[in-house]
Every structure is written in structure tokens, then in C-alpha cells.
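Student: My questions will all concern the structure given below.
FYI, it's all coordinate maths here, none of it is from the lab. Note that the coordinates shown come from a computational prediction; the quantities given were computed from them, not determined experimentally. Cβ placement follows ideal geometry from the backbone for every residue including glycine, while neighbour counts extend to all protein chains displayed.
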Amino acid sequence: MTTWKRICHLDDIPVLGARRVQRAQGLEVAVFRTEADEVFALLDRCPHKGGPLSQGLVFGSSVACPLHNWTIALADGQAAAPDEGCTPKFAVKVQDGAVYLDAHELATLATDATRPVAGPACHARDGAPNCSTIDS
């Protein structure tokens with residue numbers, strides 16, 4: 001039997017927007033609300049370059065990643081063609097105006113996923129193996 005964890009009230013998620021849910025371990029979960037008040041939950045990481053989907057634009061039943069505009073389906077986390085990739089989805093339910101996520105999935109699903117490190121690439125040269133000197 002599924003144990004549900006209350007996350008927020010439906011009205012706490014903006015229409016055509018998202019709310020981030022912190023977890024004890026792993027990246028945040030993005031909870032999305034469509035114009036039709038449907039609610040979906042995905043790992044807050046685009047499968048392309050790791051962009052925060054919670055900051056993307058929600059349209060219809062998809063979200064556009066804010067980094068490179070990849071379209072991700074809210075129902076299953078799949079990238080729209082011609083792009084390929086998928087971000088994990090989380091079970092969600094709305095009951096009496098409250099939004100719930102599966103507690104077991106929150107604790108275990110994709111807890112090893114990481115966000116890419118941004119910044120310039122650096123190479124060891126001139127005795128600087130720790131990249132303390134950035135190539136120009």
C-alpha cells in the first residue's frame with residue numbers, strides 16, 4: 001500500500017507553474033500545475049544538460065527547460081522528438097485540495113542523480129593539476 005506525504009495545498013502551486021520539494025537525499029522534485037489544474041511531479045532536472053525544470057515554462061501538459069528549451073512531457077518525463085531522454089516521474093495525487101507525493105519514491109527514486117557542474121573547463125598545465133589556473 002502506498003504511503004502518501006502531504007506536500008502543499010493545490011493553491012500553493014501557481015497555475016502554469018511549479019513548486020520545488022526538498023528531499024532528505026537527492027535532487028529536488030518539481031511539482032507542476034497545468035491550466036486545467038492537473039498536477040504532475042518530475043525530478044527537477046532536464047535530461048539534456050540538467051536544467052531546473054521547475055524554472056521552465058509550463059504549457060499544455062509539458063514544460064520547456066529554461067536552459068535549451070527542450071520540451072518535457074509532464075505525464076512521463078519524456079523529451080519530445082527529435083530530442084531524446086527522460087527524467088524520472090513521481091506518483092502524485094490531489095485529494096481535498098491537498099497535493100501528495102509517494103513517500104517511498106521521495107526517499108528512494110533517483111537519489112543518486114546529480115546536477116552538472118557549470119563553469120569553464122580547465123586543463124592541467126604548467127604544474128597546475130588542480131585547475132587553480134584557468135586556461136584563457
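Student: Label point 7 Å out from Lys93 along Cα-to-Cβ: which residues of the stretch 3-18 have amide N under 16 Å?
Tutor: Answer for the stretch 3-18: 3-8, 10.
Student: Can I ask one more? Students often forget the sequence filter, so: which lysines lie under 22 Å Cα-Cα from Lys5 once same-chain residues fewer than 8 apart are removed?
Tutor: Lys89, Lys93
Student: Over the chain, calculate the relative contact order: mean separation of alpha carbon pairs under 8 Å at least 6 apart, over the residue count, as a percent.
Tutor: Numbers: 269 pairs, mean separation 32.1, N = 136.
Taking the mean separation of contacting Cα pairs over the length of the chain, I get 24 percent.
Student: Name the shape class, rounded, prolate or oblate, that the alpha-carbon gyration tensor gives for the stretch 4-108, where a ≥ b ≥ c are the square roots of its eigenvalues, rounded holds for a/c under 1.5, and otherwise prolate holds if a/b is larger than b/c and oblate otherwise.
Tutor: oblate
Student: Further question: What's the ranking of 14-22, 62-70, 40-48 by average number of surrounding C-beta atoms within 10 Å, highest first?
Tutor: 40-48, 62-70, 14-22
Student: What shape does the stretch 27-70 take by its C-alpha gyration tensor, where a ≥ b ≥ c are the square roots of the eigenvalues and a/c under 1.5 counts as rounded, a/b above b/c as prolate, and the rest as oblate?
Tutor: oblate
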